[in-house]
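Worksheet: the structure to be examined is printed underneath.
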Amino acid sequence: MKYKFVKFLLLIAVLFFSSQIFAQETEQFKRTDVVYLKNGSIFRGVIKSYEVAGQLRLELEKGQVIIFESKNIKKIVQEATADEQLIVDSEPNKQYAFREQGVYYSTAIGYIGGNNLNANYTDAYNIHFLSGFQFNRWVGAGLGVGVDFYNVNLGSVLPVYAEGRGYFKASNFSPFYQVAAGWGFPIVGEDSFYSEKKGGYYLAPALGLRFGGSQEANFFTTIGLQWQKATYTQDFGDGVSNNKDTYTFRRFNFKVGVVF
C-alpha cells in the first residue's frame, strides 16, 4: 500500500513538471502577424481586423493600433517568434510608428541672415513655436508664433501665422512640405532711432526632412524662403521732417527643430 502511494506521488510530480515545461515552451513562442508594405516598411503585431478592399488594423506590442489601407499592403505572413522578439523588426531600421493623425507640437531655431536697409549683410536668427492637428499624413494645419531677430537698429519682428504641412513618405526618414502665412509685428528697441513701426504680411514656404518615425519626439531640418514686410518711420527731432522706410525682408531660412 505504501509502495503504491509513493508511485502515485511520483506520477503526480512527473505530470506537474511536464505540464510546466510544456506551458513555458508554449508561452515562449507565439504567432505574430507580419505586414509588408509596398514602400518597403515592415510591421509586426496582431491583426485586429482586415477588409480585403478596405483597411487593416494592426495592434503593436504596447497596444498602439496602426491602420493601413489595403492598396498599400504587399503581403501578410505569420511567423513563430520568441515572446520578447514579438515586434522586433528584422530590418536594421527602427519600426515606423509616427503619429500620422492627432495633435502635434513643434519648436525650431533658424538662421535668416541677409542684407539690411543699407544693403550690408548681417547675421540674423529666429525661434518659432507651433501647435496644430495632423488630419492624415498628407495634410496638417496649425498656428504658430515666433521672434525674428533681423538686426540691431530695426529690432525684431514677431510673426503670428497659420501653417500647413504634410509628409511624403510613411517611413522613418520622410521629406515634408510646410507653408506659413500671417502677419508680423515689429518690435523696436528703446535705443532705436525709429519712432514708429508698422507690421506687414509674413510668408514662409519650406521643404524639410524628418529624422525618425517614433511616437514621441522626432528631429527635423528645413530650408525655405521668407518674406516679411514692415514700415519704419525715423523722426529727425524738429517736429516737421521724418523719413519713412517700407521694407520687405527677403531671406533664406534654415531651421532645425523637433516635432512631437
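None of the figures in this text is laboratory data; all of them are computed from the coordinates on show. Remember, it's a predicted structure, so these values are computed and weren't measured experimentally. With ideal geometry, Cβ positions are generated from the backbone for all residues, glycine too; neighbour counts draw on all protein chains shown.
Worth a mention:
- Cross-link pairs exceeding 29 Å in C-alpha to C-alpha distance, out of K169/K229; K198/K255; K62/K255; K197/K255; K229/K255, comprise K169/K229; K62/K255.
- Protection proxy ranking, peptides 246-258, 155-167, average beta carbon neighbours within 10 Å, highest first: 155-167, 246-258
- Mean sequence separation of contacting Cα pairs (under 8 Å, at least six apart), scaled by the length of the range 30-85, corresponds to a relative contact order of 41 percent.
- Hydrodynamic radius of the range 30-85 per Kirkwood, over alpha carbon pairs, in Å: 11.5
- Packing-based ranking of 51-60, 97-106 yields 97-106, 51-60, ordered from highest to lowest mean Cβ neighbour count within 10 Å.
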